[in-house]
Structure formats: structure tokens, C-alpha cells
2 protein chains.
Amino acid sequence: MTEPVNPIPDGYHTITPSLTVRDCAEALEFYKDALGAVERMRAPGPEGSVWHAEIQIGDSIVMLNDEYPEQGAHGPQALGGSPVGLWLYVEDADAAFARAVEAGAEVTMPPADMFWGDRMGSVVDPYGHKWTFASKVEDVGPEEMKKRQQEAMGQAEGT
Amino acid sequence: MTEPVNPIPDGYHTITPSLTVRDCAEALEFYKDALGAVERMRAPGPEGSVWHAEIQIGDSIVMLNDEYPEQGAHGPQALGGSPVGLWLYVEDADAAFARAVEAGAEVTMPPADMFWGDRMGSVVDPYGHKWTFASKVEDVGPEEMKKRQQEAMGQAEGT
């Protein structure tokens, strides 16, 4: 008799982002430095590539693999950008941002207080993936939020 | 006296993926149909666009926004692909896959049993984002996993 298998393995939330990264082995070291990531596993691919790796950041898992263009796996450098960012809610957005920049991430937005109550800063890493570090610093009620949104949109439209 | 604010709001894990999508309002309806997503919030942007929305899928939140090319926010259609996939561990990968395809997602890999013990199928949605549905169906021990990986890599290299 075999044990029944849990269809959702321990430690995974419903959604896990899976990043294609050029030079995945190098990137794994970068993510350890820049994000405090802990390597959970690494499965080798052809010619020293990383076919599948998993890192843990806080309570979240991120999957990574090298580029395999023949299988349609292209990193942000090949595509000229990414349509997906990774948003991290952390205890101290400034500290997390500073650590990533110190490790070599490029600043796209220095930390600042946002109207919706987050303190938030963003970077792009050397492989082209986008990371935002945020900490809630103010609870904004629904009425106040609506007012602030309208003000922000008015500014965005130049009215 | 104001209440202390929890820097990590309730319901968020450390990492939340944030997707740029062309026709975000339309895409939100698609994700409800295709993925059983529940809309948590939606903040309007200029000219009827969606500046920020959040959906819940299982225990995970996903953020979405329209394309704002002038701010560097491009969707997969503009970039010609995505370097990030969204992996969903679900109770029944076949059912989740079928639901997405029924709603209009394109099959990239029909569900099959994988050597590492998952049953897994993949789609790309009409906006170019990639989703994989997986359920663990077999617990594979470390020794057996190593053997199977080597076999799989041998096949990949044609040896």
C-alpha cells in the first residue's frame, strides 16, 4: 500500500512564479546576496545549465531555470524586458531595497511613501527581472483612499 | 495615538507576482472564468485603463495593471513573450487545465505525468501570460529522483 499523496506539496502556496534567467547559476548566487534567498533545490540541465531550481524568500518559493530558446524559454534580456514584476511585502522596505542595490540591482524607483499607505522602492536585477520592496506604513481607509486615488489620477492626466 | 501598522498586510505572502496585461479589464474577466480568480480590488487609471487590480486565486494574490508603455509597463504581446510563468499547485491539475482551455487559453502542454511526481499541464492565455497547473501524484524519493533526472537529461541530450 502506498501513502496517499497530497496534491499540493508542503510549503507551496497556490501560485509560485517561475523565472527564466540567463546564467541561472550566477543569478542564484545574486538572489542569495540581493534578496536573502535560500536555495531549496537545483536540478542540472544540459551543458552545465540549470534546468530547474527553487529558492525560498520569506514564506514564498520562486522557481528558476536557464534560457532554453529552442523550448521557448527566454529571459528578460532576450525579450527586452519583462511583463511581470515580483512584489515583496517585507518588514523594512528600505533595508531590503538597500541590500538589493548593494548587491548590484539597478534602482528604478528609490523608496518613497505612496498615497495608498505603502513605503515602496523598485529595482531591476542584472538579469532583467523586476522587484519591488514594500512595507505598509499607514492604514488608509476606503474614503480617504478613493480621494487620494482621484488626486493621483488627476496628476497623472495633468488636470 | 494611531494604531501600529503591520508592515506586511494580511493575506499577502512575501512574494506577489504583478502582471502587466493589455486590456486589463477584459483580462480580469478572463481570469475569473479561466482560473476561478476572485477580484479583490481595482483602481482606475487614465482613459478607462486599470492602473492596479488584485485577484485572489486559492491562497495567492496576483496584481495586474494595464500596459503603460511610457512608464515601461509592457505586456507579453508587446514584448513577444514572457520570461515568467505562473505555476499553480492545485487539487486537480486536469480539471484546472480543462477550465482554462475551455475559457480560451491555448494549450502549450497537455496534462501528463512528470518524472518528478507531478501531473502537469501548461497553457498560454490570450494576453500572453503562461500558466502551469500541477498536482503531486507520486512522492519520489531522493535516490529515485536523481536516477530519473539523469535519465531525463540523457534523453534531452540525445545520448
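Side notes on the structure shown:
- Filtered by the rule that a residue be under 26 Å from B:Pro4 (Cβ atoms), facing chain B (nearest Cβ under 8 Å) and either in contact (Cβ under 8 Å) with a residue 60 or more places away in the chain or not polar (S, T, N, Q) (or both), the stretch A:117-159 gives A:Gly117, A:Lys136, A:Val137, A:Glu138, A:Asp139.
- Residue ID - farthest from B:Asp125 (Cα to Cα), chosen from residues in the stretch B:61-109 that are open to solvent by 50 Å² or more (accessible area, probe 1.4 Å) and either among the polar types (S, T, N, Q) or in contact with a Cys (Cβ under 6 Å, 6 or more places away or on another chain) (or both): B:Gln71
- Criterion: in contact with a Pro (Cβ under 7 Å, 6 or more places away or on another chain), closer than 17 Å to A:His129 by Cα and free of Cβ contacts under 8 Å to residues at least 12 places away in the same chain - qualifying residue of B:Pro83, B:Pro76: B:Pro83
- If you go through the stretch A:12-24 and keep only what is closer than 18 Å to B:Ile61 by Cβ and assigned to a loop (DSSP other than H, G, I, E, B), you end up with A:Tyr12, A:His13, A:Thr14.
- Residue match in the stretch B:73-91 (condition: more than 9 Å from every other protein chain (Cβ to nearest Cβ) and under 17 Å from the mean Cα position of the chain (by Cα)): no
Rundown of residues vs (1) facing chain B (nearest Cβ under 9 Å); (2) crowded, with 20+ Cβ neighbours inside 10 Å; (3) not basic (Lys, Arg), yes/no style:
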{"site": "A:Pro7", "(1), (2), (3)": "yes, no, yes"}
{"site": "A:Thr20", "(1), (2), (3)": "yes, yes, yes"}
{"site": "A:Glu29", "(1), (2), (3)": "no, no, yes"}
{"site": "A:Ala34", "(1), (2), (3)": "no, yes, yes"}
{"site": "A:Pro44", "(1), (2), (3)": "yes, no, yes"}
{"site": "A:Asp59", "(1), (2), (3)": "yes, no, yes"}
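Conditions (1) part of a strand (DSSP E or B); (2) more than 17 Å from B:His13 (Cβ to Cβ); (3) in contact with a strand residue (DSSP E or B) (Cβ under 9 Å, 6 or more places away or on another chain), marked per residue:
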{"residue": "B:Trp51", "(1), (2), (3)": "yes, yes, yes"}
{"residue": "B:Met63", "(1), (2), (3)": "yes, no, yes"}
{"residue": "B:Glu70", "(1), (2), (3)": "no, yes, no"}
{"residue": "B:Gly81", "(1), (2), (3)": "no, yes, yes"}
{"residue": "B:Trp87", "(1), (2), (3)": "yes, no, yes"}
{"residue": "B:Ala98", "(1), (2), (3)": "no, yes, yes"}
{"residue": "B:Glu102", "(1), (2), (3)": "no, yes, no"}
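The values are calculated or read from the model by the stated rules, or taken from the named source; none is laboratory data. Small disclaimer: the values here were computed from a predicted structure and weren't measured. Methodologically, a virtual Cβ is constructed for each residue, glycine included, from the backbone with ideal geometry; neighbour enumeration extends over all protein chains shown. The accessibility values were calculated without ligands, DNA or RNA, using every heavy atom of the protein model including side chains. Shrake-Rupley method; radii C 1.70, N 1.55, O 1.52, S 1.80 Å.
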